[in-house]
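I have placed the structure first, in the form of structure tokens, so that the comments after it can refer back to it.
Computed from the coordinates by the stated procedures, all read-outs in this text should not be read as laboratory data. Worth saying up front: this structure is predicted, and the values here are computed from it rather than measured. Glycine gets a Cβ as well: all are built from the backbone with ideal geometry, and neighbour counts include every protein chain shown.
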Amino acid sequence: MISLYECVQEIKKTTGWSQERIGTETGLALSTINRIFRVVGYKGNETSNKLLKKLYQEVVQSPFPLYLEKLFDQYDEWREQLSKRMFAERVGMLEPLLQRHQSIGNNSLEACRVCWLLGHFYFDRAFFLKQDSTKSAMVALEWYQKAFEILQQCNDNQLLVQQYKVQQCIVSTKFNLYEPRTRANNGEIQRWLSEIGYIELVEQVLKEDSWNWMVARNGLVAASVLKDFEKCLFFWQAMIRVSKKFENLSFVPSLGLPAINDDPDLVWFVNQLRERSI
């Protein structure tokens, strides 16, 4: 689910509105809007989340059909609010309908979004519900890859961010198939990351969305696994330009995301920083 920080940045990108205007449109205090822009990982309260996400839906146009965007939102709510048993039941009921969706088999953006959601179903079966983890993860990869290929065939620069987001789903699925402390030196992952051109896509997205520290952090992870110190510095510095707090390797940006010092995928980068600073 999109964070408040992403919400305000996407609203600003789409409309060009100032913080004051965003505050006026939502009814939130300027101090709250400023904090969301400034404080990495700021979660806000229920009111700020509701009002900002409402404005986001009104002004940030998705390239995908509205009914599918609402279905994605519904899916996120199920995952957050329902028990695992009820969540699994809802997914089980919805999946056959999507499998038989009229768009499946064509190269439309509608088909892309359906495949993307089916990928989420199997990703969560693998790593959230722990149901046939390896098999479910492989099916998730197939659906995500179909969604990614459709976007590539569109050959539309305006869909660059969407391409990155689907490819990030693929990378996350692939990474989760391995134990965290084994990925940093895994030759198969290193070859695979090089082959899919992941770092190049991350760099393109950062040119468009320099504010997106999470994209930069994902690039940092890939560069560290590939043992490319120059690229590591590029992505780390991109994070620091967003917030000086990232200079501190022990800084924890948000719940569920470790500090750079504590991330097993970033061991090589951290060690290189220490060695080169001596």
Discussion item. Given Cα positions, please report Rg to Rh for the range 62-177, the hydrodynamic radius being the Kirkwood one.
Written reply: 0.95
Worksheet item: Counting pairs of alpha carbon atoms under 8 Å apart in space and at least six apart in sequence, what relative contact order in percent does the range 62-177 give?
Response: 22
Worksheet entry | lysines whose Cα lies under 25 Å from that of K174, excluding same-chain neighbours fewer than 8 positions away | K84, K130, K135, K146, K165, K227, K231
Response to the item:
Quick note on F128, F246, ordering by fewest other C-beta atoms within 10 Å, gives F128, F246
Worksheet, complete the sentence: If R0 = 30 Å, then R191 and Q102, at their Cβ-Cβ distance, give a FRET efficiency to the nearest 0.05 of 0.20
Worksheet item: Using only helices, what value at 222 nm comes out for the chain when you add -39,500 (n - 2.57) per DSSP H run of length 4 or more and divide by the total residues, to the nearest 500 deg cm²/dmol?
Response: -22500 deg cm²/dmol
Worksheet item: Extension gain Y67-S31, at 0.36 nm per residue separation less the Cα-Cα distance, in nm?
Response: 9.5 nm
Worksheet item: What span do the alpha-carbon atoms of the chain cover on each of the three principal axes, reported in whole Å from largest to smallest?
Response: 60, 50, 40
Worksheet, complete the sentence: Quick calc, L257 & R90: beta-carbon distance into FRET formula, R0 35 Å, rounding 0.05, result 0.85
Worksheet item: R0 = 25 Å: FRET efficiency of D132 with R79, Cβ-based, nearest 0.05?
Response: 0.85
Item to complete: Choose one answer from M86, M214, M239: the residue with the largest mean-square fluctuation in a GNM of the chain with alpha-carbon springs under 10 Å.
Response: M86
Item to complete: Calculate the translational D of the range 207-278 in whole µm² s⁻¹ from Stokes-Einstein, where the hydrodynamic radius comes from the Kirkwood formula applied to all Cα pairs, the temperature is 4 °C and the viscosity 1.567 mPa s.
Response: 107
